[in-house]
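The values are calculated or read from the model by the stated rules, or taken from the named source; none is laboratory data. This structure is a prediction, so every number in the text was calculated from the model and none was measured. All Cβ positions, even for glycine, are placed from backbone atoms using ideal geometry, and neighbour counts span all protein chains on display. To get the accessible areas, we keep the full protein, side chains included, count just its heavy atoms, and leave off ligands, DNA and RNA. Shrake-Rupley method; radii C 1.70, N 1.55, O 1.52, S 1.80 Å.
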Amino acid sequence: MKSTTDYSKYFVPTYTKNGAPMVRGRGMYLYDSNGKKYLDFGAGIAVTALGHSHPEIVAVLKKQGSALLHASNLYHLRPQIDFARLLVKHSFGDRVFLCNSGTEANEAAIKFARKWACKKDKAKYHILSFTDGFHGRTYGGLSATAQRKFHDGFKPILSGFHYAPFNNIEKTEHILNKHAFAAVIVEPVQGESGINRAATEFLRFLRRYTTKNHIALVFDEVQCGVGRTGTLWHYEQVKVIPDIMTTAKPIGGGLPLGAVVCKNKIATVMNPGDHGSTFGGNPLACALGTVVLKTIAKKSFLNQVQKNGAYLKEKLQKITAGNPSVTEVLGIGLMIGVRFKDDPTPIISACKENGLLVIKAGYNTVRFIPPLVVTKSDIDKAVGIFKKVLIKSM
Ligand code: PLP
């Protein structure tokens with residue numbers, strides 16, 4: 001296939017790809033260059049929350065695109081201000097820093113936390129994160145990602161990073177007591193390693209410990225935030241307010257946009273020149289971000305995510321019950337995983353052949369993270385294809 005040959009020829013091979021190029025998207029569907037249509041339950045890895053080519057996104061894209069594409073962060077930009085105001089209105093945060101991706105948001109969060117903590121005590125630069133977490137591919141995010149497979153070949157990772165077992169209060173406290181920490185960073189629902197929820201008690205323990213010891217609590221909501229789990233932010237459900245939260249993926253409506261949301265006490269330690277980004281908070285991405293936030297923050301929209309998420313999980317539980325190769329259906333909202341005993345890559349490939357896009361998470365989980373505008377009828381179709389594939393694979 002020509003496209004496959006071109007990929008091998010021209011690209012650093014960081015992805016495994018096959019099939020015809022995707023050329024068009026509409027609502028819940030992606031279309032390839034052969035005209036084949038795919039029901040998209042991957043949403044570009046939890047990005048296209050409003051579906052493909054959402055009319056309001058396209059309208060704002062045209063309007064802002066013809067007004068201003070780039071001017072730089074040396075100047076005030078109205079779309080940035082509108083977006084930041086909305087982000088602050090709809091979160092615990094007092095201020096935001098805008099960047100282009102999840103990993104950049106985490107880099108900034110780590111820097112902000114270190115500057116804040118080191119102001120009190122220069123030794124307070126250590127960062128704690130958790131097994132199976134994922135925080136990105138740049139060196140800060142990578143160093144916070146406690147998974148050996150991502151570190152292999154890229155060592156040394158940054159110094160001062162430590163790992164504790166996810167959801168284990170006792171061992172976490174033991175490690176926290178050993179070093180002078182600046183920050184604890186955690187995904188309230190782990191996405192890339194499978195869909196693993198942090199126990200509410202665990203997050204509450206982290207909040208108590210960090211508050212007592214002048215440590216910044218950072219929630220990485222890059223994948224689980226922006227309505228994905230049925231509330232705008234996952235922290236709302238566990239009633240644990242972090243000091244810093246990172247967001248990206250769906251927030252830019254399909255364009256690169258990331259944000260650090262933080263409390264004043266953190267924001268005010270940063271000075272002009274301490275951090276920056278040429279493209280961060282690009283006006284076009286921010287204009288789309290405003291559409292995304294306005295739409296998803298609506299109670300009626302989030303109620304629908306909760307209902308459809310419960311419906312998807314229940315249907316997946318029903319069709320996998322008694323299947324010896326499936327161990328569990330897990331997750332919350334529209335962030336659902338089906339965990340297998342073995343590597344589910346052949347199942348995922350067969351789903352694609354049958355017109356359904358789903359994504360692998362970790363070693364053994366098939367991730368269902370559709371656009372948040374998914375309907376019951378889309379869910380029926382997707383689960384129907386998945387069931388057919390499972391039956392054939394038995
Ligand atoms: N944090 C989490 C929880 C993620 O899931 C991801 C990406 O999958 C990242 C950070 C990195 O985001 P990006 O790929 O936009 O750099």
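For the structure I just gave you, tell me whether HIS174 is in contact with a His (Cβ under 6 Å, 6 or more places away or on another chain) and open to solvent by 30 Å² or more (accessible area, probe 1.4 Å). No: the conditions fail for HIS174.
Given VAL373, VAL338, VAL269, VAL329, which one is within 24 Å of ILE57 (Cα to Cα), of a type outside the set (Phe, Trp, Tyr) and either out of contact with any Asp or Glu (no Cβ under 8 Å at 6 or more places or on another chain) or not assigned by TED's automatic domain parsing to the domain that holds ILE251 (or both)?
Numbers: VAL338 fails: within 24 Å of ILE57 (Cα to Cα); VAL269 fails: within 24 Å of ILE57 (Cα to Cα); VAL329 fails: within 24 Å of ILE57 (Cα to Cα).
After ruling out the rest, the residue left standing is VAL373.
Residues considered: ALA199, ALA105. Of these, the only one that is within 22 Å of THR229 (Cβ to Cβ), assigned by TED's automatic domain parsing to the domain that holds ILE266 and away from the ligand (no atom under 16 Å from the Cβ) is ALA199. Evaluate region 80-94: report whether one residue or more is under 15 Å from GLY252 (Cβ atoms) and within 16 Å of the ligand (Cβ to nearest atom). The answer is no, given that none of the residues of region 80-94 is under 15 Å from GLY252 (Cβ atoms) and within 16 Å of the ligand (Cβ to nearest atom). The set of residues in region 298-321 being open to solvent by 80 Å² or more (accessible area, probe 1.4 Å) and more than 12 Å from VAL373 (Cα to Cα) consists of LYS298, LYS299, GLU314, GLN317, LYS318. A residue that is more than 22 Å from PRO283 (Cα to Cα), open to solvent by 40 Å² or more (accessible area, probe 1.4 Å) and of a type outside the set (D, E, K, R) cannot be found anywhere in region 49-58.
Among the residues of this structure, GLU221 does not count as one that is under 24 Å from TYR311 (Cα atoms), open to solvent by 10 Å² or more (accessible area, probe 1.4 Å) and within 11 Å of the chain's Cα centre (by Cα).
Regarding LEU390, is this residue open to solvent by less than 50 Å² (accessible area, probe 1.4 Å), touching a residue at least 60 places away in the same chain (Cβ under 8 Å) and within 23 Å of GLY254 (Cβ to Cβ)? When the stated conditions are applied, LEU390 does not pass them. Checking each residue in region 249-265 for being farther than 14 Å from VAL218 by Cβ and not β-branched (Val, Ile, Thr) picks out LYS249, PRO250, GLY252, GLY253, GLY254, LEU255, PRO256, LEU257, ASN264. Hey, among the residues in region 113-141 that are open to solvent by less than 10 Å² (accessible area, probe 1.4 Å) and of a type in the set (A, V, I, L, M, F, W, C), which one's farthest from the ligand (Cβ to nearest atom)? Among them, the one singled out is ALA117. Within 16 Å of the ligand (Cβ to nearest atom), in a loop (DSSP other than H, G, I, E, B) and free of Cβ contacts under 8 Å to residues at least 40 places away in the same chain, is that true of PHE150? Criteria not met by PHE150. If you filter region 348-386 down to residues that are closer than 26 Å to ALA297 by Cα and assigned to a loop (DSSP other than H, G, I, E, B), you find that the one that is farthest from the chain's Cα centre (by Cα) is THR375. On inspection, PHE279 fails the criterion of being of a type in the set (Phe, Trp, Tyr) and assigned to a helix (DSSP H, G or I).
A single entry from GLY230, GLY225, GLY133, GLY194 fulfils the requirement of being among the small types (Gly, Ala, Ser), closer than 25 Å to LEU334 by Cα and in contact with a helix residue (DSSP H, G or I) (Cβ under 6 Å, 6 or more places away or on another chain): GLY230. A single member of PHE219, PHE205 is closer than 23 Å to ASP121 by Cβ and modelled with pLDDT of 95 or more, and it is PHE205.
Screening region 230-252 for residues that are within 14 Å of the ligand (Cβ to nearest atom) and open to solvent by 10 Å² or more (accessible area, probe 1.4 Å) and picking the one that is nearest to THR290 (Cα to Cα) gives LYS249.
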